[in-house]
Amino acid sequence: MSNQKIREQVSKIRRFINIPHKHYELRQNKAMFSQLCSSLDVIEDTEDAITAYTENDFGEIKPLNYLLMYGLLQSIYVQQDAVINLCESLGTSDKINNYPNLKEIRDVRNDTVGHPTKRDHKKGNRVSYHHVTQLTLNKSGFTLTSYYSDGSPEQFRKIDIPELIAEQNKYISEILSNLIRNLEAEEKAHKEKFSMEKLLKLFPGTLDYHLSKLLEAVYREEYAKIAESDLDVISTVAKHFRDAIARRNMDFYERLQDEYELIDHATTKIRMFLRENKGEKSAIRIYIIFLKYQFNELKIYAKEIDDEYIKEPDK
């Protein structure tokens, strides 16, 4: 039976790590970000492999059945590694040894597929040798025969594949649940930190008035010096919005760079005109109209971000 829960959990983790500010943060460590992406893909790929085993029957060709069983145990082992590496890439310390049931599954894999003909344990301990009793191999499991270097009696273990898969699913899902709770807590803390800082409030109601005074100054030279203070207000609003974005979302901050370069260019040209009467009046008028348009766009961004910061994280 397919374990849809693990796939849903991986999808949920992907949604959290693709939140722009979190995505930006993770990308700053390229190695760990690559590990993160690899781990998520491998968890899903191995889940597909495990599902393929459960949903398909064994055939009459015994060597092919061995291949299916070997592939299942290897997929389970790789999935465990991927989940622990995922934890590491997200800054969470966890180990397979924290889950005795998963450790037992790894031991089955190592005895059966990993190093069956000579299992060297820690120095000073006995060495073991293993093989699958061929006649017992079926989709539901097999008997694993084990011998020991210290002369201990041979051991026969019945490996129950459905039970092994169920245990794998249970504890892999538990680890993913812990990761999701951590990501939810991080996102909640981030939103709470900025929830009271409304970006839209950075744009004063007098903004259009200051822009209109700049337009007047284009055609009335006596307004030029006074209008420079209006330009100062406009530049300050742009700076405050830019700084506020940088504090909460560096990804969006970087994506705004081109727009801010145009704002800086326009304000520089307008200031030169106000101080030195340099520039074609029609061109300066276009710069001012551009600023009006651009600030309307920034206000739209501000409202969208404000709305996002009052939403609960995806559950």
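The values are calculated or read from the model by the stated rules, or taken from the named source; none is laboratory data. A quick note: this is a predicted structure, and the numbers were derived from the prediction, not measured. Positions of Cβ are generated from backbone atoms using ideal geometry, with glycine treated the same way; all protein chains shown enter the neighbour counts.
Among the residues of region 193-207, those identified as surrounded by 13 or more Cβ atoms within 10 Å (Cβ to Cβ) and part of a helix (DSSP H, G or I) are 194, 199, 200, 202, 207. Tell me, which residue of region 169-186 that is aliphatic (A, V, I, L, M) and surrounded by 12 or more Cβ atoms within 10 Å (Cβ to Cβ) is nearest to the chain's Cα centre (by Cα)? Here the residue is 183.
Matching residues to (1) under 17 Å from residue 220 (Cα atoms); (2) touching a strand residue (DSSP E or B) at 6+ places or on another chain (Cβ under 9 Å); (3) among the hydrophobic types (A, V, I, L, M, F, W, C); (4) outside any helix (DSSP H, G or I):
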position	(1), (2), (3), (4)
254	no, no, no, no
260	no, no, no, no
267	no, no, no, no
272	yes, no, yes, no
285	yes, no, no, no
288	yes, no, yes, no
293	no, no, no, no
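Give the residue, chosen from 105, 96, 43, 76, that is within 19 Å of the chain's Cα centre (by Cα) and among the hydrophobic types (A, V, I, L, M, F, W, C).
43
The set of residues in region 22-31 that are of a type in the set (A, V, I, L, M, F, W, C) and surrounded by fewer than 17 Cβ atoms within 10 Å (Cβ to Cβ) contains only 31.
Scanning region 138-178 for residues that are of a type in the set (Gly, Ala, Ser) and under 13 Å from residue 3 (Cβ atoms) yields a total of 2.
Residue-wise test of (1) closer than 20 Å to residue 180 by Cβ; (2) touching a strand residue (DSSP E or B) at 6+ places or on another chain (Cβ under 7 Å); (3) crowded, with 18+ Cβ neighbours inside 10 Å.
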position	(1), (2), (3)
77	no, no, yes
88	yes, no, no
93	yes, no, no
97	no, no, no
108	no, yes, yes
120	no, no, no
128	no, yes, yes
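Exactly one residue out of 189, 217, 227, 166 is part of a helix (DSSP H, G or I) and loosely packed, with under 12 Cβ neighbours inside 10 Å, and it is 189. Of the residues 274, 262, the single one that is more than 42 Å from the chain's Cα centre (by Cα), within 14 Å of residue 235 (Cβ to Cβ) and surrounded by 12 or more Cβ atoms within 10 Å (Cβ to Cβ) is 274. May I ask you to verify whether residue 111 is more than 30 Å from residue 186 (Cβ to Cβ) and either in a loop (DSSP other than H, G, I, E, B) or modelled with pLDDT of 90 or more (or both)? Yes: the conditions hold for residue 111.
For region 35-51, what are the residues that are of a type outside the set (S, T, N, Q) and farther than 12 Å from residue 7 by Cβ? Hits for region 35-51 are 36, 37, 41, 42, 49. Within region 8-21, being surrounded by fewer than 16 Cβ atoms within 10 Å (Cβ to Cβ) and either under 9 Å from the mean Cα position of the chain (by Cα) or not assigned by TED's automatic domain parsing to the domain that holds residue 181 (or both) holds for 14, 15, 18. Quick one: would you say residue 39 is surrounded by 19 or more Cβ atoms within 10 Å (Cβ to Cβ), among the small types (Gly, Ala, Ser) and out of contact with any Phe, Trp or Tyr (no Cβ under 8 Å at 6 or more places or on another chain)? Against the criterion (surrounded by 19 or more Cβ atoms within 10 Å (Cβ to Cβ), among the small types (Gly, Ala, Ser) and out of contact with any Phe, Trp or Tyr (no Cβ under 8 Å at 6 or more places or on another chain)), residue 39 qualifies. Please verify whether residue 280 is within 30 Å of residue 17 (Cβ to Cβ) and free of Cβ contacts under 8 Å to residues at least 60 places away in the same chain, treating the condition exactly as stated. So residue 280 does not fit the description; no.
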